[in-house]
Amino acid sequence: MVVFRSAALHSCVLLALVALFFVLPAYHVGAFSRIMVLAIYAIGYNLLFGYTGLLSLGHAMFFAAGMYGFGLSMNFGGLTVLPAFAVGVTAAGLLSVAVGFLALRTIGVAFMIVTLMFAQTFYLVILYFGEYTRGDEGFIIQQAQRSIAGIDLTTETARYFTAFILFAICFLAMARLVQSPFGKRLVAIRENEERARMLGYDVGRLKLAALVVSGLFSGVAGAAYAMLFGYVGASFAAVHYSIFPLLWVLLGGAGTTVGPLIGVIFMFYLIDVSSSFTNAYMLVAGIALVLLTLFAPQGIAGTLRKRAVSWLP
Amino acid sequence: MAAVSILETKGLTKIYGGLQANTDINFSLRRNAITALIGPNGAGKSTFVGMVSGRTKPTNGSVFFEGQDISRLPAHKRIQLGMAYTFQITSIFPGLTVEDNVALAAGRKLAHDKTAHAQKTAAVLDKIGLGDRADQVASDLSYGHQRVLEIAMGLAQDPKLFILDEPTQGLAEGEVDAFVTLMRTMAKETTILLIEHNMRVVTETADHVAVLDQGRLLASGTVDEIHANAAVQAAYLGTTANA
């Protein structure tokens, strides 16, 4: 029953995203392309934070590894889109293995600080190699290069549906993963790590696996962003891009499958709408965040699950 | 030898700073029996089972489980060999349902086989009397039920050796009776190492008793032998010798 319901829910979300393309005005179609790519990032972050209970403050490095892996291999390696995409995702995967080995020796606040420091180092490395990365200014991936098998990814339609396909794959894969025995074990670690260990689970290995999967999803998002929007820049490796996924997931509902998407949509339109009224839009965003944290600490989907739909995956 | 004893320790020693929590403990645990480990507060009981289960690293000495030297294995590997452990302070997954708690315990061995996994989970819940509370969130259970749940999580693993660290602590009299009954049924299927303060539970369940005092193994034997042991009476039982 629960399996059926969650499959129905996930299908409805995806159908709604397809429908939105046909009903939304052009500006919002563009916005939703971006939202879906960022939601992939949030989905990856949610696995580590929402399900495993590990708060990383350095996920921008995985997002940026995907982005730079993609962009640099196209501009300097002469690769086409698909191999470059693979390079981006691989780069993020390798980085997360390396960071995981070192950072997972720590827990709690120390883990936050260590991941933050790794991400800052990664950011500074990007700036240091400014000759290739063009630093803060970043670089463009030419429109002509951004096509797969003759399909121009820069048109609104192609961009929307490329973002949608990538989102759908990640969304469904993650929904399946968190309901698998592996996902249940990650939740066990979040709930009580010592108990999980004393049930015979190799907690260290499970946490590393969670971090690597999380890093891979972030890398997919980073590479997809560069592919669809044609820009690669160091600001995506900066600290606020590590904070964003945390906010999205907190707002949307940590440890829920739909929470990350809800969080990104909410935050995107909160800033979008408030900035049309006032320059102090970050103040509005800040107040909304504080209110949500006070009155719905489990986020939108988390609160729904608690109040009304207890089966929400 | 291996047939009679499931667990052995040789020269097991733990030193915290200047304090000798455990000194040179040579201990042998009989298979298919309930052995109670008793001793006054601070005698080193928890340190001892911590070293057996792998949660505490010994300063010296070794631990053998079914003849295999497990001294260097991390805790989760020892559990995988067939130990189960319940904590002195109740340790469950508070945010998950009772069923999920037990399913996680059963799932290490059975997760690949959905039917067997579900059957095992249901069987354990039934056996322990939590079947009608399967969908309840564990943190909403009463303290007594939480303790029972933790024991259910141990049983779900089908352990060869079940270590219970003060399982009746904080339980009401009636709950202790139910626990004693449960222990007796469990003893038919597994070996139990029971750390216990409640002498009534010890005399009613244990086949053997080992006494720790000031980090040393003072005596071990049947309940009657321990009762008769002058050194034990002096060190620990004192006026409760007739309990």
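Things to note:
- Shape of the stretch A:197-313, Cα gyration tensor, a/c cut at 1.5: oblate
- In the distance distribution for the stretch A:145-210, Cα-Cα pairs more than 15 Å apart total 64 percent.
- Within the stretch A:2-307: Cβ-based charge dipole about Cα centre, in debye rounded to nearest 20 (Lys, Arg +1; Asp, Glu -1): 960 debye
- Amide hydrogen proximity for residue B:56: with H placed 1.01 Å from N in the peptide plane, the residues at 5 or more positions away or on another chain lying under 5 Å are B:51.
- Using θ = phi - 60° in the Karplus curve 6.51 cos²θ - 1.76 cosθ + 1.60, the 3J(HN,Hα) couplings for the stretch A:289-294 round to 4, 4, 4, 4, 5, 6 Hz; x is entered for Gly and Pro.
- Separation of alpha-carbon centers, the stretch B:45-88 and the stretch B:142-187, rounded to whole Å: 20 Å
- Under 19 Å from the Cα of residue A:207 - aspartates and glutamates, other chains or at least 8 residues apart: A:191, A:193, A:194
- Compactness index (Cα Rg / 2.2 N^0.38 Å), the stretch A:1-134: 1.28
- Of A:169, A:43, A:300, the one that fluctuates the most in a GNM where chain A has Cα springs shorter than 10 Å: A:169
- Diffusion constant of the stretch A:2-307 at 37 °C, which comes from Stokes-Einstein with the Kirkwood Cα-pair radius and 0.692 mPa s, µm²/s: 167 µm²/s
- The length gained on full extension between residue A:11 and residue A:278, counted as 0.36 nm times the residue separation minus their Cα-Cα distance, comes to 92.4 nm.
- Relative contact order [Cα under 8 Å, 6+ residues apart], chain B, whole percent: 26 percent
- Pairwise label distance in nanometres, residue B:224 with residue B:10, each label 7 Å out on the Cα-Cβ vector: 3.4 nm
- For residue B:14, the aspartates and glutamates whose Cα falls under 12 Å of its own Cα, not counting residues fewer than eight places away in the same chain, are B:24.
- Our coupling estimate for the stretch A:16-22, obtained by passing each phi through the Karplus curve with A = 6.51, B = -1.76, C = 1.60 and θ = phi - 60°, is 4, 5, 5, 4, 4, 4, 7 Hz, Gly and Pro reported as x.
- Two-site label geometry, residue A:291 and residue A:76: point separation in nm, points 7 Å out along Cα→Cβ: 4.8 nm
- Set A:184/B:114; B:57/B:77; B:120/B:188 screened for pairs whose C-alpha atoms are more than 20 Å apart: none
- Bridges between two residues of the protein assembly as shown, per DSSP, are antiparallel at a rate of about 60%.
- Legend: residues A:153, A:172, sorted from most to least accessible area (1.4 Å probe; ligands, DNA and RNA excluded), read A:172, A:153.
- Length released on extending from residue A:243 to residue A:113, taking residue separation times 0.36 nm less the Cα-Cα span: 45.5 nm
- Scanning residues 5 or more positions from residue A:153 or on other chains, those with amide H under 5 Å from its amide H are A:147, A:148, with H placed 1.01 Å from N in the peptide plane.
- Square roots of 5 times each gyration tensor eigenvalue, C-alpha, the protein assembly as shown, largest first, Å: 55, 25, 20
- For the segment B:73-84, counting C-beta atoms of other chains within 10 Å of every residue's C-beta and taking the mean gives 3.
- Where only DSSP H runs of four or more residues are counted, the protein assembly as shown gives -18000 deg cm²/dmol as its mean residue ellipticity at 222 nm, each run worth -39500 (n - 2.57).
- Angle between chain B longest axis and helix B:98-110 axis [Cα atoms, degrees, rounded to 10]: 80 degrees
- Under 15 Å from a label point set 7 Å out along the Cα-to-Cβ vector of residue B:66, the amide N atoms of the stretch B:92-113 belong to B:109.
- Note on chain B: Rg/Rh from C-alpha atoms, Kirkwood Rh, equals 0.97.
- Legend: P(r) of the stretch B:54-159 from all alpha carbon pair distances, 10 Å bins from 0, whole percents, reading 15, 42, 28, 14, 2.
- Cβ neighbours within 10 Å from other chains - mean over A:187-196: 6
- In this structure, the amide hydrogen of residue A:255, modeled 1.01 Å from its nitrogen in the peptide plane, lies closer than 5 angstrom to those of A:50, A:51, counting only residues at least 5 positions away or on a different chain.
- Listed residue (B:144, B:6, B:227) projecting farthest to the positive dipole end of chain B, Cβ model: B:6
- Angle of helix B:114-128 to the longest C-alpha principal axis of chain B, folded into 0 to 90 degrees and rounded to 10: 60°.
- Kirkwood hydrodynamic radius of the stretch B:117-207, from inverse mean 1/r over distinct Cα pairs, in Å: 13.7 Å
- Neighbour-limited loop hits for trypsin sites (Lys or Arg not before Pro), the stretch B:36-96 (at most 13 other Cβ within 10 Å; DSSP other than H, G, I, E, B): B:72
- For the stretch B:175-186, putting each phi into the Karplus relation 6.51 cos²θ - 1.76 cosθ + 1.60 with θ = phi - 60° gives couplings of 5, 5, 4, 4, 5, 4, 4, 4, 4, 5, 6, 4 Hz, in residue order, rounded to whole numbers and with x for Gly and Pro.
The values are calculated or read from the model by the stated rules, or taken from the named source; none is laboratory data. The shown structure was predicted, so the numbers you read here are calculated from the model rather than taken from an experiment. When we count neighbours, we look across all protein chains shown, and the Cβ atoms used for this are built from the backbone with ideal geometry, even at glycine. The protein model used for the area step is the full one, side chains on, heavy atoms only, and it has no ligands, DNA or RNA in it. Shrake-Rupley method; radii C 1.70, N 1.55, O 1.52, S 1.80 Å.
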